[in-house]
Amino acid sequence: MPGDLSIVDLSEHIEELETGALMPSTVLIEMCRKLAHSLMETGCVIVRDPRVEMRDNDIFLNMMETYFSQPISSKMQDVRPDLHFQVGATPGGQETPKILVDKLMQQSAACLKEGNRATLPTGPDPKWRFFWRIGERPKDEQFTELNAEPVIPAGFPEWQQVMDSWGGRLVCVAETLSKALAVGLGLQVNSISNLMQQGPHLLAPTGSDLGCPEGSKPGYVFAGYHYDLNLLTLHGRCRFPGLYVWLRDGRRVAVRVPAGCLIVQAGKQLEWLTGGAIVAGMHEVVVNEDTIKGVLEAKAAGRPLWRVSSTVFTHVASSKTLMPLDRFATSSSLLLYPPTLAGVQVQQELEALKLKKKSSMTQCCLEGKEQERAVVQVVQQQGGVVGSCIGAGEPQETDHCHTTAQLDELNSGVQIKSRVEEYSGHVECHEAVCSVRRKVYNGIKTYGFTSGDKPGYVQSCGQVG
């Protein structure tokens, strides 16, 4: 895999990036451009950073192998479904792979060439996961479940120190990377890292039981084909192979992280900030022949048969707005990536994964109206003309399209190409309509919806300067 991806070495550039030099050196700029180019072309990159020591990774993996090897009853004490599993343990069978619920993703996966296709899962992921918050939390926070206090398992006195130490190192690398990436993209050096301050960063190891009957069968899916919802995902070395990533050209490659390195993948929030210039990387975890070889070696050595990932998810702060930054903020990118609170984006992704119940419809519509106003402002700043719906007023709960048929009628009537899935059901359809409401293209039209006997019909639009 290293031959398919660029290796970016931060060793000589950390101080210059952290001090925010007004005149970056030529060597630094070249490294930053290499990082940005790799993420744009492949969605992932291999990074070397001297602050990350493999000894710390081993200490972390040892502890997590012991944790996941516990009886299920012990681990269930650490599960917090009331917080949407966003802290503590998530049992196997809880998280639904996005490919099973996202028709657009299914269509995209079906277009992959033979030999590069995803392994289609048959149900929820069997992997366990543990979420541990890293970094300072916001004091006044509306997304409390995304910023809850951590869960400390019983019987692990070293838990907090090990988790904070390893997770903190990975987040520091991510912050430095975000600055290098900003420079490489032609943005202000702190334009991405500032959005990360007080973000709900997660040290998020997964635990896959390779000792179960299916764990030694090639093709068994522990984590189905998906992208990460966050900003940047960093993986340390894992003791068992099985992670596959897709490059932007459609190639499926097995991940092999060189000693002393990390693999970094772009998440959905980074795709949002770059208006799609960087696309969230797809990946899966599947048992292969190398996994089975690793299992045999672990058995012979008497080591645990749990595949633990050394993963951290870094995030934009929940109260910050996701939208294309600076030169990436065009009328077309704002159509596809409308201004959205990062906390709302995360909640919507969790709903799709069935880790969170659907949110209030009215709240979503009101948020949509605020997003619409933000889009209008940006397009006007660019000299565009924005259509505004006359007399739309504040949205009401009766503003919703209640059936898939009505959504189809809406889409047909206004001849728009929506990136929304063809959902069935009440709330799903509502969310689709809300997303259409926020769309602006070429600074010409803004869609609004009216209440009444036929919810979902478009009001007449008038142009404003």
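Values quoted throughout were computed directly from the atomic coordinates according to the rules given, and no laboratory measurement underlies them. Note that the coordinates shown come from a computational prediction; the quantities given were computed from them, not determined experimentally. All Cβ positions, glycine included, derive from the backbone under ideal geometry; neighbour counts span all protein chains shown.
Positive end of the dipole of region 7-321 (Cβ unit charges, origin at the Cα centre): among ILE99, GLY302, SER193, the Cα lying farthest that way belongs to ILE99. In region 260-328, the alpha-carbon atoms span a convex hull of 137 Å³ per residue. For region 141-212, applying the loop criterion from DSSP together with a ceiling of 14 other beta carbons within 10 Å to the GluC sites (Glu not before Pro) yields GLU158. Computed over the alpha-carbon atoms, region 7-321 gives an Rg to Rh ratio of 0.95, Rh here being the Kirkwood radius from the mean inverse distance. Within region 31-117, the ratio Rg/Rh, alpha carbon atoms throughout and Rh by Kirkwood, equals 1.09. In order along region 216-229, the phi-based Karplus estimate (6.51 cos²θ - 1.76 cosθ + 1.60, θ = phi - 60°) of 3J(HN,Hα) comes to 10, 9, x, x, 6, 8, 8, 9, x, 3, 6, 10, 8, 7 Hz; Gly and Pro are listed as x.
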